[in-house]
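Colleague: Structure below; questions to follow.
The values are calculated or read from the model by the stated rules, or taken from the named source; none is laboratory data. All values reported here derive from a predicted model rather than from experimental measurement. Positions of Cβ are backbone-derived with ideal geometry, glycine not excepted, and every protein chain shown enters the neighbour counts.
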Amino acid sequence: MASSKKRSRKRHIGNKPGGKPNSDASLRKHVVELLKGSHAHVSLADALADFPPEKRGTFAQGLQHTCWQLLEHIRLAQWDILEFSRNPKHLSPDFPDGYWPQTPAPADDAAWTKSLQAIENDLRAMIRLVNNPRANLHSAFPWGDGQTLLREALLVADHNAYHAGQVVDLRRALGIWSR
Ligand code: NI
C-alpha cells in the first residue's frame, strides 16, 4: 500500500482559479452523473415510472424476467454493492438465488413501492459516498480483494443501466412504452 504521507491533501474542491483543474472533484462529478444515468439513455427511474400495476408480474414472449424480478434484482444488487462499499462486516447474499425475488409478481402494492423507494434511497447513499471528499476513490478497501469505491460506484452505474434497458425492452414487448 502506498504511503499515506506522500498523498497530497486537497483542501479545495472544484477548480482553483488560475490553477490546474481538480481531477478528484471532476472525477466525482462524472461518476455521480453516471450514477444518475440519464445522459446517454433513459434513466432507471424513468424506465420504471408509471409501470402499470397489473403488469408487474407479467412475462413477455422471449424475455426472461418480469418487471418485479428486474426491480428486485436491481435493488438487491445495488444494496449489496452499497453495503460492501461502506460496511466491512457486510455479508453478500448467495449468488445467484439471493439476488432475485422468489416470485414473478410482488405480493402487493406496498411491496412494489417499498422496493422502488429502497432503490432510490440506496442510489442516493451511493452518490453521497462518492461525493464525500474524505472518501478515497482509488485506494482498496481494507476488506475485500482490492475493490475500490470508484470500482463499486461504476459497477452500480453499469448494472443499473443494463437492467434499465431490459425494463424498456420489456415494456415495449408488453406494449406499455410510449416513447
Ligand atoms: Ni444483473
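Colleague: Show the residue pairs that are 6+ apart or on different chains and have beta-carbon atoms under 8 Å apart, the first residue being within the range 30-54 and over 14 Å from Ile119 (Cα atoms), the second being in a helix (DSSP H, G or I) and among the charged types (D, E, K, R).
Modeller: Ser38/Asp46; His39/Glu33; Phe51/Arg171; Pro53/Asp109
Colleague: Taking the conditions exactly as written (under 25 Å from Ala125 (Cβ atoms), at pLDDT 95 or above, crowded, with 18+ Cβ neighbours inside 10 Å and of a type in the set (Phe, Trp, Tyr)), does Trp100 satisfy them or not? Talk me through it step by step, then tell me what you get.
Modeller: Values: under 25 Å from Ala125 (Cβ atoms): yes; at pLDDT 95 or above: yes; crowded, with 18+ Cβ neighbours inside 10 Å: no; of a type in the set (Phe, Trp, Tyr): yes.
Criteria not met by Trp100.
Colleague: Could you say which residue among Thr66, Thr103 is hydroxyl-bearing (Ser, Thr, Tyr) and in contact with a Ser or Thr (Cβ under 8 Å, 6 or more places away or on another chain)?
Modeller: Thr66
Colleague: Assuming His65 fulfils every condition listed in (1) of a type outside the set (Val, Ile, Thr); (2) within 14 Å of the ligand (Cβ to nearest atom); (3) within 30 Å of Phe141 (Cα to Cα) apart from one, which condition is it?
Modeller: Here His65 clears every test but (3).
Colleague: Quick check on my filter: what residues within the range 72-89 are away from the ligand (no atom under 12 Å from the Cβ) and either in contact with a helix residue (DSSP H, G or I) (Cβ under 7 Å, 6 or more places away or on another chain) or at pLDDT below 95 (or both)?
Modeller: We begin by selecting, within the range 72-89, every residue away from the ligand (no atom under 12 Å from the Cβ); these are 79, 82-89.
Those that are away from the ligand (no atom under 12 Å from the Cβ) and either in contact with a helix residue (DSSP H, G or I) (Cβ under 7 Å, 6 or more places away or on another chain) or at pLDDT below 95 (or both): Trp79, Leu82, Phe84, Ser85, Arg86.
Colleague: Which condition breaks for Glu33 when tested against (1) crowded, with 16+ Cβ neighbours inside 10 Å; (2) assigned to a helix (DSSP H, G or I); (3) within 16 Å of the chain's Cα centre (by Cα)?
Modeller: (1)
Colleague: Restricting attention to the range 123-147, and to residues there that are free of Cβ contacts under 8 Å to residues at least 24 places away in the same chain and small (Gly, Ala, Ser), which single residue is surrounded by the most Cβ atoms within 10 Å (Cβ to Cβ)? First the steps, then the outcome.
Modeller: Step one: of the range 123-147, the residues free of Cβ contacts under 8 Å to residues at least 24 places away in the same chain are 124, 128, 132, 134-136, 138, 145-146.
Next cut, small (Gly, Ala, Ser) only: 135, 146.
On the way: Ala135: 14, Gly146: 8.
Only one residue fits best here, namely Ala135.
Colleague: Continuing with this model, one more query. Taking the residues in the range 90-108 that are touching a residue at least 12 places away in the same chain (Cβ under 8 Å) and outside any loop (DSSP other than H, G, I, E, B) as candidates, determine which candidate is nearest to the ligand (Cβ to nearest atom). Explain how you work it out, then say what you get.
Modeller: Residues of the range 90-108 that are touching a residue at least 12 places away in the same chain (Cβ under 8 Å), as a first pass: 92-93, 98-101, 103-106.
Next cut, outside any loop (DSSP other than H, G, I, E, B) only: 98-99.
On the way: Gly98: 12, Tyr99: 7 Å.
In this case the residue turns out to be Tyr99.
Colleague: A further question on this structure: Any idea which residue in the range 148-179 is surrounded by the fewest Cβ atoms within 10 Å (Cβ to Cβ), counting only those that are free of Cβ contacts under 8 Å to residues at least 24 places away in the same chain and away from the ligand (no atom under 15 Å from the Cβ)?
Modeller: If we filter the range 148-179 for residues that are free of Cβ contacts under 8 Å to residues at least 24 places away in the same chain, which is where we start, we get 148, 151, 158, 162, 172, 175, 177-178.
Next, only the ones that are away from the ligand (no atom under 15 Å from the Cβ) stay: 148, 151, 172, 175, 177-178.
Working: Thr148: 16, Arg151: 16, Arg172: 14, Gly175: 9, Trp177: 15, Ser178: 7.
Only one residue fits best here, namely Ser178.
Colleague: Looking at (1) under 30 Å from Thr58 (Cα atoms); (2) not in a helix (DSSP H, G or I), which is the one condition that is false for Glu72?
Modeller: For Glu72, the exception is condition (2).
Colleague: Which condition from (1) modelled with pLDDT under 75; (2) surrounded by 12 or more Cβ atoms within 10 Å (Cβ to Cβ); (3) among the hydroxyl-bearing types (Ser, Thr, Tyr) is the one that Ser26 breaks?
Modeller: Result: Ser26 passes all but (1).
Colleague: If we keep just the residues of the range 103-122 that are touching a helix residue (DSSP H, G or I) at 6+ places or on another chain (Cβ under 8 Å) and among the acidic types (Asp, Glu), which is surrounded by the most Cβ atoms within 10 Å (Cβ to Cβ)?
Modeller: Asp122
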